[in-house]
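K.L.:
This is the structure, below, for whatever I ask next.
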Amino acid sequence: MINQETICLQKELLKAVPYLKGWTKQNDKDDNLSNFIYNTTKFSDIIEKAKQRKLSISYVCHRWYNFHTSKETENIFVKYGCIREENRKHKEIDIYFKQIPYDIKLTVFPSKYNGNTDLKTRTDKNNLIEWYYKNQSQQGRKHLANRLFVVCISKIIHIKKT
């Protein structure tokens, strides 16, 4: 069951979709200037704060959208038995699955990946995972701890209230 708060957040996130075309690689400087995304749920506030700080609206919308969808994904794992990391700002741990720590990383299938895309064998899956680790951001978000890569289909699905 989806609660009212989640429905409101989904509506706000959908407003950002037109701004999600194209992507500038994340960098520590712009990340620090756009940390307001963590405490903002209204799309209009995101736009206003991005303009005030003279930041790319696309950059800020990407970060804001990714943050909130990641947190909602984390909630799904917790709903089905994972334990949430107590320190919400822990860089390398979001959840524990069978007492093993993981950082949840939402991503899309990489267009620059040259390996086998069938992913039918363990080797093919391991090659893709290795690609994700090697091609992650090289700045403050980089780490080699356990990651759980959730590969998303890059299209918006509208969820109707039931």
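K.L.:
Return the FRET efficiency for the residue pair N3, N114: r is the Cβ-Cβ distance, R0 is 35 Å, and the value is rounded to the nearest 0.05.
P.N.:
0.25
K.L.:
Antiparallel as a % of all DSSP beta bridges within the chain, to the nearest 5?
P.N.:
45
K.L.:
Pairwise over distinct Cα atoms, reciprocal of the mean inverse distance: report the Kirkwood radius of the chain in Å, one decimal place.
P.N.:
Values: mean 1/r = 0.0575 Å⁻¹.
The answer is 17.4 Å.
K.L.:
Looking at the square roots a ≥ b ≥ c of the eigenvalues of the Cα gyration tensor of segment 11-61, which shape do they give, rounded for a/c under 1.5, prolate if a/b is larger than b/c, or oblate?
P.N.:
Taking the square roots of the gyration eigenvalues as a ≥ b ≥ c, segment 11-61 is oblate.
K.L.:
For segment 4-152, build the charge dipole from Cβ charges (+1 Lys, Arg; -1 Asp, Glu) around the Cα centre, then report which of Q26, N66, W131 sits farthest towards its positive end.
P.N.:
Comparing the listed Cα positions along the dipole, Q26 ranks first.
K.L.:
Report relative contact order for the chain in percent, whole number only (criteria: Cα-Cα under 8 Å, sequence separation at least 6).
P.N.:
Working: 148 pairs, mean separation 31.5, N = 162.
This gives 19 percent for the chain.
K.L.:
Further question: Please give me, ordered by residue number, the chymotrypsin sites (Phe, Trp or Tyr not before Pro) of segment 1-106 that lie in loop per DSSP and have at most 10 other Cβ atoms within 10 Å. Kindly include the intermediate steps, with their values, before the conclusion.
P.N.:
Numbers: sites: Y19, W23, F36, Y38, F43, Y59, W64, Y65, F67, F77, Y80, Y96, F97, Y102; in loops: W23, Y80.
For chymotrypsin sites (Phe, Trp or Tyr not before Pro) across segment 1-106 that sit outside H, G, I, E and B with at most 10 neighbouring Cβ atoms in 10 Å, the list reads W23, Y80.
K.L.:
Could I have the simple spin-label model distance between Q99 and N75, label points 7 Å from Cα toward Cβ, reported in nm to one decimal?
P.N.:
Placing both labels 7 Å along Cα→Cβ, they lie 3.0 nm apart.
K.L.:
Pop a pseudo-label 7 angstrom from the Cα along the beta-carbon direction at both V17 and D45 and give the gap in nm to one decimal.
P.N.:
2.3
K.L.:
What's the FRET efficiency of D28 with E92 using the Cβ-Cβ distance as r and R₀ = 25 Å, to the nearest 0.05?
P.N.:
0.90
Values in this text are rule-based calculations from the coordinates and carry no lab data. Quantities reported herein were computed from a predicted structural model and do not represent experimental measurements. Cβ atoms come from the backbone with ideal geometry, glycine included; neighbour counts cover every protein chain shown.
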